[in-house]
1. Evaluate the following for residue 186: is it surrounded by fewer than 19 Cβ atoms within 10 Å (Cβ to Cβ), under 22 Å from residue 113 (Cα atoms) and more than 9 Å from the chain's Cα centre (by Cα)?
2. Restricting attention to the range 134-175, and to residues there that are in contact with a strand residue (DSSP E or B) (Cβ under 9 Å, 6 or more places away or on another chain) and over 17 Å from residue 74 (Cα atoms), which single residue is surrounded by the fewest Cβ atoms within 10 Å (Cβ to Cβ)?
3. If you check residue 118 against the conditions, is it farther than 19 Å from residue 155 by Cα and at pLDDT 95 or above?
4. Quick one: which residue in 211, 196 is without any contact (Cβ under 8 Å) to a residue 12 or more places away in the chain and farther than 30 Å from residue 123 by Cβ?
5. Which residue, of 205, 216, is closer than 30 Å to residue 88 by Cβ, touching a residue at least 24 places away in the same chain (Cβ under 8 Å) and not in a loop (DSSP other than H, G, I, E, B)?
6. How many residues are without any contact (Cβ under 8 Å) to a residue 40 or more places away in the chain and in contact with a helix residue (DSSP H, G or I) (Cβ under 9 Å, 6 or more places away or on another chain) if we restrict to the range 165-184?
7. Exactly one condition in (1) part of a helix (DSSP H, G or I); (2) over 30 Å from residue 120 (Cβ atoms); (3) in contact with a helix residue (DSSP H, G or I) (Cβ under 8 Å, 6 or more places away or on another chain) is not met by residue 187; state its number.
């Protein structure tokens, strides 16, 4: 087992973000000296910085709102790759490995962990490139399996429930006006009859009143 590494980022981006330990226990990141240290499960610190930079180009922050960096997308990806999904635990992985129609889904041999390892090699010193150079690099890779996964995971990290590591501070849901997994609005119908209702987003943990149990926190 390799030594645990941490991603250190500005507190303004992630201060107070709720995460979960490998035992499923919740803890909230707190800023120290303007920075927060996030424990990584799959990426090295350098790899995490590279993926952060790539995700930021896919979903950048701009005048309309925050992007992948502020939402902590890299944490979401790190957790997913370290869990059963990253190892293809629930996908049939016996041969033959052949090209097939898109409707059949991915038919390759490599699991998500292996795809990301190769993708990181192909990205090289991505984080040190200019924005224009980064965009060109990603365009040259857009037909690869790695880029397809990275784009999908960036979107998932922006808008998943924060117990999975992304959507820090519910900023992704605030961006699109999603209220969270509210099961019923019965008690609010009469209060807002005939008027627009824009509830403040709430996570599954806030709605249930107890910590969630992310599937990537594999037990046993």
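1. On the way: surrounded by fewer than 19 Cβ atoms within 10 Å (Cβ to Cβ): yes; under 22 Å from residue 113 (Cα atoms): no; more than 9 Å from the chain's Cα centre (by Cα): yes.
No.
2. Checking each candidate, the answer is 174.
3. Values: farther than 19 Å from residue 155 by Cα: yes; at pLDDT 95 or above: yes.
Criteria met by residue 118.
4. Numbers: 211 fails: without any contact (Cβ under 8 Å) to a residue 12 or more places away in the chain.
One residue alone meets the criteria, 196.
5. Details: 216 fails: not in a loop (DSSP other than H, G, I, E, B).
It is 205.
6. Result for the range 165-184: 9.
7. (3)
The rows are residues; the columns are (1) surrounded by 19 or more Cβ atoms within 10 Å (Cβ to Cβ); (2) modelled with pLDDT of 65 or more; (3) at positive phi.
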site	(1), (2), (3)
2	no, no, no
23	no, no, no
59	yes, yes, no
65	no, yes, yes
68	yes, yes, no
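The values are calculated or read from the model by the stated rules, or taken from the named source; none is laboratory data. Note that this is a predicted model, so its numbers are computed, not measured. Don't worry about glycine lacking a Cβ; one is built from the backbone with ideal geometry, like all the others, and counts go over all protein chains shown.
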